[in-house]
1. From the residues in region 93-109 that are surrounded by 19 or more Cβ atoms within 10 Å (Cβ to Cβ) and touching a Phe, Trp or Tyr at 6+ places or on another chain (Cβ under 7 Å), which one is nearest to R64 (Cα to Cα)?
2. Would it be correct to say that L99 is of a type outside the set (V, I, T), more than 21 Å from G147 (Cα to Cα) and more than 19 Å from the chain's Cα centre (by Cα)?
3. Can you tell me how many residues within region 77-96 are acidic (D, E) and either modelled with pLDDT under 90 or under 15 Å from V155 (Cβ atoms) (or both)?
4. Could you identify the single residue in E112, E75 that is open to solvent by 30 Å² or more (accessible area, probe 1.4 Å) and in a strand (DSSP E or B)?
5. Of the conditions (1) more than 14 Å from T154 (Cα to Cα); (2) modelled with pLDDT of 85 or more, S137 clears all except one; give me its number.
6. Of the numbered conditions (1) surrounded by 16 or more Cβ atoms within 10 Å (Cβ to Cβ); (2) touching a helix residue (DSSP H, G or I) at 6+ places or on another chain (Cβ under 9 Å); (3) without any contact (Cβ under 8 Å) to a residue 24 or more places away in the chain, T154 fails exactly one; give the number of that condition.
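The values are calculated or read from the model by the stated rules, or taken from the named source; none is laboratory data. Fair warning: this is a prediction, and the values are worked out from it, not measured in the lab. In this analysis, Cβ positions are derived from the backbone assuming ideal geometry, glycine residues included, and neighbour counts consider all displayed protein chains. Please note that ligands, DNA and RNA were not included when accessible areas were found on the heavy atoms of the full protein model with its side chains. Shrake-Rupley method; radii C 1.70, N 1.55, O 1.52, S 1.80 Å.
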Amino acid sequence: MAQIKLKVEKARRRILLAGNSNNKGFSLIEVLVVLSIIGLLSSLIIPVFGKGNPQVEINSAASRLASILKLCRSEAIAKNEKRTFVIDVGVNNFYCDSLAKKYSYKQEIETELTTTEKGVAENSLVGKMFFYPDGSSSGANINLKHGDIKRAITVDWITGKVELLSSKVK
């Protein structure tokens, strides 16, 4: 009986020692698997919470508009050619003539465009703004409204600088 207890005790010590010496942490593969699972789940869950939120929708639309305006200005300077930014406030889409893609945003967002006479065709919901090779522009103000939330984008006609103004709730 004493001999069995001694063997059990030796086996227990071996297991404890083996567990301590070989198991000091997680392997790189285990960490990467856990991080990729977390990333996958967050990419599926986070957009669900953002949908339908007017603040998120208008911020997204304003940021994308400002980004494409800045890109259009940069293209005019880099290529040393006049570039045209076109926005259709009737269907809420916009593009720069040097880019192949048209962008759009939610129909629920109201858009108001103020630009020069040359920029708007008579009785049209389509407006144009021009960026010149020296960095200047024809200038414009774009106001977005979704419910009580408003965002404004201004394009300075002298410098061509695109500015996204902070959120205002009225």
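1. By that ranking, first place goes to F94.
2. Taking the combined requirement at face value, the residue does not satisfy it.
3. If we filter region 77-96 for residues that are acidic (D, E), which is where we start, we get 81, 88.
Remaining after also requiring either modelled with pLDDT under 90 or under 15 Å from V155 (Cβ atoms) (or both): 88.
Qualifying residue count for the region: 1.
4. When all the criteria are applied, what remains is E112.
5. (1)
6. (2)
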